[in-house]
1. Identify, from the list 201, 196, 187, the residue that is in a loop (DSSP other than H, G, I, E, B), surrounded by 19 or more Cβ atoms within 10 Å (Cβ to Cβ) and not polar (S, T, N, Q).
2. Tell me, which helices (runs of 4 or more DSSP H) wholly within the stretch 84-151 include 1 or more residues that are modelled with pLDDT of 75 or more?
3. Which residue is surrounded by the most Cβ atoms within 10 Å (Cβ to Cβ), if the candidates are limited to the stretch 70-93 and must be within 12 Å of the chain's Cα centre (by Cα) and small (Gly, Ala, Ser)?
4. Read through the list (1) of a type in the set (A, V, I, L, M, F, W, C); (2) surrounded by fewer than 21 Cβ atoms within 10 Å (Cβ to Cβ); (3) closer than 14 Å to residue 151 by Cα, then give the number of the only condition that residue 166 fails.
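The values are calculated or read from the model by the stated rules, or taken from the named source; none is laboratory data. Note that the coordinates shown come from a computational prediction; the quantities given were computed from them, not determined experimentally. When we count neighbours, we look across all protein chains shown, and the Cβ atoms used for this are built from the backbone with ideal geometry, even at glycine.
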Amino acid sequence: MSAQRILLVEDDKDIRSIVQLALEHLGGYQVLACACGAQALAEAANFRPDLLLLDVSMPDMDGLETLAALRQQSALALVPVAFLTAHTAAKQVSQYRALNAVDVIAKPFDPHQLCERIRAILAKTATATTSVSAPANTDQARTDQARVALVVEDDPSIRYLLGFILAQQGWAMLEAHDGLQGKAAILGGPVVDAVLLDIMLPEIDGLQLLDILRSQRRWKDVPVMMLSASGDEPSVKRALVSGANDYLAKPFDPDDLIARLSRMHGLSSSAH
């Protein structure tokens, strides 16, 4: 059985060498060690990694930007990612988790513990990543999964309500608690089946996020429903002009949400 492959992107030469040596000699993995995001973009697809292991803080192109660019390559769209970082505040870790990171490994780390973490990650994701290198299977892999909605909403009670309603209808939910997490999910996370996007958000508002989303080739056909406060007609009109498919005023009726979401997702499915 061939060794599992790990794409490592780390700008610090000493840390890169330590990680590579540990993974190769202690873990038995095959490692492609890159000093920057640009190198990873040039070499990753041919390497066909089983895991992306990215440093967060790098010059020119940081780890989040590198992940977003790697996700544009169909062969890398579903490869699991783990981050190496010295920045492990709760808000930062939450941002990494919004990108569906399977682990966040804090620096400094013990080489043996690093290998154990990587071994656990690959054991959990082995089944999900067996076909990620074949572009023809990417769409099929998505159809075998539950429909997924990205919910970007800063109010925890509304976020909980949306999650409950979606679960009752057989949807899974990815959640972002503010505009920064929403941006991270759009730039580096998996493409979902629908987006529910609050207009009033801290850090980056919903209209700005909508512009970012529609500028991404991967997301251009994903249906988006804006969530707005009652009476915010100017923002709703701006959202519809900018590419939103529908809007729902808060407080909303759950049955109305379900009906609008079903109609919006049905239109998207028929378009494909």
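1. Numbers: 196 fails: in a loop (DSSP other than H, G, I, E, B); 187 fails: in a loop (DSSP other than H, G, I, E, B).
201 is the lone residue from the list that is in a loop (DSSP other than H, G, I, E, B), surrounded by 19 or more Cβ atoms within 10 Å (Cβ to Cβ) and not polar (S, T, N, Q).
2. Working: elements: 90-97, 111-125, 138-143.
Filter on the stretch 84-151 gives 90-97, 111-125.
3. 82
4. If we test residue 166 against (1) of a type in the set (A, V, I, L, M, F, W, C); (2) surrounded by fewer than 21 Cβ atoms within 10 Å (Cβ to Cβ); (3) closer than 14 Å to residue 151 by Cα, just (2) comes out false.
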